[in-house]
Amino acid sequence: MTVANYFGLNDRPFIRTMWKLAIPMMLQQAVQSSITLLDNVMVGVLGDNALAALYQANQVSFLMYVFMFGITSGAQAFTAQFWGKRDLASIRKTQGLALIGGQIIGWSFFAICFFTPQTILRLFTQDAEVLALGAEYLSTVCFIYPMQGITYVYAAILRGTENVKLPMMTAVAGMACNAVLNYGLILGNLGMPALGVRGAALATVSSLVVDLTLVLTLSHIWKKPTADRRYPLLGFDRYFVKRFFKIAIPVFLNESLWSMAQFTVALCYSHLGTQMTAAMSIFSVFDKMGFVLYVGLGNACAVLCGKRIGAGEEETAQLYARRCLRLSFVVGAIACVVVNLAVPILFPIYEASAAAKAIARNNVWIYGFASPILVHNFVLVIGLLRSGGDVRFSLMLDAGMQWCSMVAGVALAAYVLGVPPQWVYAFTVPGEVVKMFVGRHRIKNGKWIHHLTA
């Protein structure tokens, strides 16, 4: 088999559609990650305490995002298969259910973070200054959560119907707003007040207002499926709701357990001290940088394979799945190069301590080494198992390995073996290797394909 055949490079419809979907999704994720990067870099000039506070507050935002992802990931799986059948009425029903779920999650997190920000942040730290800064940021940035409950759902439905440019464009506009306001409000430039971490939060909220306004307006102007008023959002019956949540609940449980695992690991890092927390805040920028490539390829695979399954073309879906997994290793290698090349560019910007930078640098090296496996597993779980409706197996594989390997590994390294902080992150990698081999076997035997629209 030639290289072209192995990766599907000679299949022009496959490659053309893959990159037509993947590149705008990568750009959208790059823009969204840039918002975090801007916050992180500009707050970084305020020192370790500010960085630690931002990292800990963002763990709560990340927890909300992952819960939301459980809803939108299930919605996208349904949408891609319905799109294969051109069933626009069912796509709108899916959108309506996902919006209800997104608002429940968004407003719940808003209430917790607005009224009791210090209570949740005390899980991470007892440092009075870090706690005060984190609460200042969290009680302001929480206003984005209900808005994200709309923008994330719209983006998922648009991706599932192969409309990927619109969410990319609105994200770019939001990032531009964030960049200007970050520059002005954090340090007091452009005649604006110097508000520190609260300024970063206000900039993020403003960027989401711009993003949400544009995605709603342009969806209607350009007559996208998300704004097709011929079919009601709330036109679902009991059977449709049952069918949707049969998929959505395992996905939601998967993301909930996965996010709680990430939350627990963040707690472990936080209890290793402010320098470790500051290091993880720096490292999170590089993590998100690599994640740009993961998301683009993974979501493109989800739409490609889901659409083929919905159209009843199982053999083609199986072929595309194999090609996507092969491409994931290539994308992972690119991610490794990108994050390591970014180190000498971004590290000098931070005013963090030498110890924090040393830990962060080591983590980037480990992350780069593991990137091909990490991309592979993201494509496996998000791109294939979920698009194929194999959500129960995905739940056991993804969430199970997070707790049995990653959480246990970090806790063992940090609290039992007394591993130096710069090597604790390495104990998250073995579980990813196990997940890769188990998941590949599932794809190979074809049991991952389920018809959600039948």
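To keep it simple, each residue is scored yes or no on (1) part of a helix (DSSP H, G or I); (2) buried (at least 24 other Cβ atoms within 10 Å of the Cβ); (3) over 19 Å from the mean Cα position of the chain (by Cα).
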| residue | (1), (2), (3) |
| --- | --- |
| MET168 | yes, no, no |
| ALA171 | yes, yes, no |
| MET175 | yes, no, no |
| LEU181 | yes, no, yes |
| GLY184 | yes, no, yes |
| LEU187 | no, no, yes |
| LEU190 | no, no, yes |
| LEU195 | no, no, yes |
| ALA200 | yes, yes, yes |
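Looking at segment 362-416, which of its residues are aromatic (Phe, Trp, Tyr), closer than 30 Å to LEU341 by Cα and out of contact with any Phe, Trp or Tyr (no Cβ under 7 Å at 6 or more places or on another chain)?
As a first pass, look at segment 362-416 and keep what is aromatic (Phe, Trp, Tyr): 365, 367, 369, 378, 393, 403, 415.
Filter again for closer than 30 Å to LEU341 by Cα, leaving 365, 367, 369, 378.
Residues satisfying the conditions are TRP365, PHE369.
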* Structure fact -> All-but-one check, MET1 against (1) more than 20 Å from ILE186 (Cα to Cα); (2) modelled with pLDDT of 75 or more, failing number (2)
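ALA77: surrounded by 22 or more Cβ atoms within 10 Å (Cβ to Cβ) and small (Gly, Ala, Ser), yes or no? Give the derivation first.
Working: surrounded by 22 or more Cβ atoms within 10 Å (Cβ to Cβ): yes; small (Gly, Ala, Ser): yes.
Taking the combined requirement at face value, the residue satisfies it.
Can you report the number of residues in segment 438-449 which are open to solvent by 70 Å² or more (accessible area, probe 1.4 Å) and more than 23 Å from the chain's Cα centre (by Cα)? It would help to see each step written out before you state the result.
Going through segment 438-449, the residues open to solvent by 70 Å² or more (accessible area, probe 1.4 Å) turn out to be 440-441, 444, 447.
Then drop every residue that is not more than 23 Å from the chain's Cα centre (by Cα), which leaves 441, 444, 447.
Number of matching residues: 3.
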* Structure fact -> Within segment 25-48, of all residues that are open to solvent by 10 Å² or more (accessible area, probe 1.4 Å) and either touching a strand residue (DSSP E or B) at 6+ places or on another chain (Cβ under 8 Å) or at pLDDT 85 or above (or both), the one nearest to MET168 (Cα to Cα) is LEU27
* Structure fact -> Over segment 411-434, the set of residues touching a residue at least 24 places away in the same chain (Cβ under 8 Å), more than 16 Å from TRP365 (Cβ to Cβ) and open to solvent by 60 Å² or more (accessible area, probe 1.4 Å) is TYR415, PRO430, VAL434
* Structure fact -> Given (1) modelled with pLDDT of 85 or more; (2) open to solvent by less than 30 Å² (accessible area, probe 1.4 Å); (3) closer than 26 Å to ARG392 by Cβ, PHE109 misses just (3)
* Asked: Which of (1) surrounded by fewer than 16 Cβ atoms within 10 Å (Cβ to Cβ); (2) not in a helix (DSSP H, G or I) does ALA352 not meet, given it meets every other one?
  -> (1)
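Sort through VAL251, VAL215, VAL265 and tell me the only one that's within 15 Å of PHE67 (Cβ to Cβ) and either surrounded by 14 or more Cβ atoms within 10 Å (Cβ to Cβ) or aromatic (Phe, Trp, Tyr) (or both). Working first, answer last.
Values: VAL215 fails: within 15 Å of PHE67 (Cβ to Cβ); VAL265 fails: within 15 Å of PHE67 (Cβ to Cβ).
After applying the criteria, what remains is VAL251.
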* Which condition number does PHE14 fail, the rest of (1) more than 22 Å from the chain's Cα centre (by Cα); (2) open to solvent by 10 Å² or more (accessible area, probe 1.4 Å); (3) of a type in the set (Phe, Trp, Tyr) being met? -> (2)
* Pick from segment 218-248, criterion open to solvent by 50 Å² or more (accessible area, probe 1.4 Å), charged (D, E, K, R) and in a helix (DSSP H, G or I), ranking: farthest from LEU138 (Cα to Cα) -> ARG238
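Only one residue in LEU397, LEU384, LEU412, LEU374 is out of contact with any Cys (no Cβ under 9 Å at 6 or more places or on another chain), under 26 Å from PHE245 (Cβ atoms) and not hydroxyl-bearing (Ser, Thr, Tyr), so which one is that? Before you say what the answer is, go through the steps one by one.
Numbers: LEU384 fails: out of contact with any Cys (no Cβ under 9 Å at 6 or more places or on another chain); LEU412 fails: under 26 Å from PHE245 (Cβ atoms); LEU374 fails: under 26 Å from PHE245 (Cβ atoms).
The conditions single out LEU397.
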* **Matching residues in segment 82-104 - criterion: being crowded, with 24+ Cβ neighbours inside 10 Å and within 22 Å of the chain's Cα centre (by Cα)** => THR94, GLN95, ALA98, GLY102
* **Within segment 399-410, considering residues that are open to solvent by less than 30 Å² (accessible area, probe 1.4 Å) and either in contact with a Leu (Cβ under 8 Å, 6 or more places away or on another chain) or of a type in the set (Gly, Ala, Ser) (or both), the one modelled with the lowest pLDDT** => SER405
* To do: For LEU346, work out the one condition from (1) in a helix (DSSP H, G or I); (2) open to solvent by 70 Å² or more (accessible area, probe 1.4 Å) it doesn't fulfil.
  => (2)
* Restricting to segment 116-162, what's the tally of residues that are open to solvent by 40 Å² or more (accessible area, probe 1.4 Å), modelled with pLDDT of 95 or more and not in a helix (DSSP H, G or I)? -> 1
* Among the listed residues VAL375, VAL338, VAL330, which satisfies the condition of being farther than 17 Å from VAL285 by Cβ and either modelled with pLDDT under 95 or open to solvent by 40 Å² or more (accessible area, probe 1.4 Å) (or both)? -> VAL330
* **Selection within segment 59-110 - touching a Pro at 6+ places or on another chain (Cβ under 7 Å) and among the polar types (S, T, N, Q)** => GLN103
* If you go through segment 310-324 one residue at a time, do you hit one that is of a type outside the set (Gly, Ala, Ser), open to solvent by less than 10 Å² (accessible area, probe 1.4 Å) and within 21 Å of TRP19 (Cβ to Cβ)? -> yes
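Could you identify the single residue in THR140, THR217 that is polar (S, T, N, Q) and either out of contact with any helix residue (DSSP H, G or I) (no Cβ under 7 Å at 6 or more places or on another chain) or more than 24 Å from LEU63 (Cα to Cα) (or both)?
Numbers: THR140 fails: either out of contact with any helix residue (DSSP H, G or I) (no Cβ under 7 Å at 6 or more places or on another chain) or more than 24 Å from LEU63 (Cα to Cα) (or both).
Within the list THR140, THR217, the selection yields THR217.
The values are calculated or read from the model by the stated rules, or taken from the named source; none is laboratory data. The structure presented is a predicted model; accordingly, all values stated were derived computationally and were not measured. Don't worry about glycine lacking a Cβ; one is built from the backbone with ideal geometry, like all the others, and counts go over all protein chains shown. In case anyone asks, the SASA skips ligands and DNA or RNA and just uses the protein heavy atoms, side chains included. Shrake-Rupley method; radii C 1.70, N 1.55, O 1.52, S 1.80 Å.
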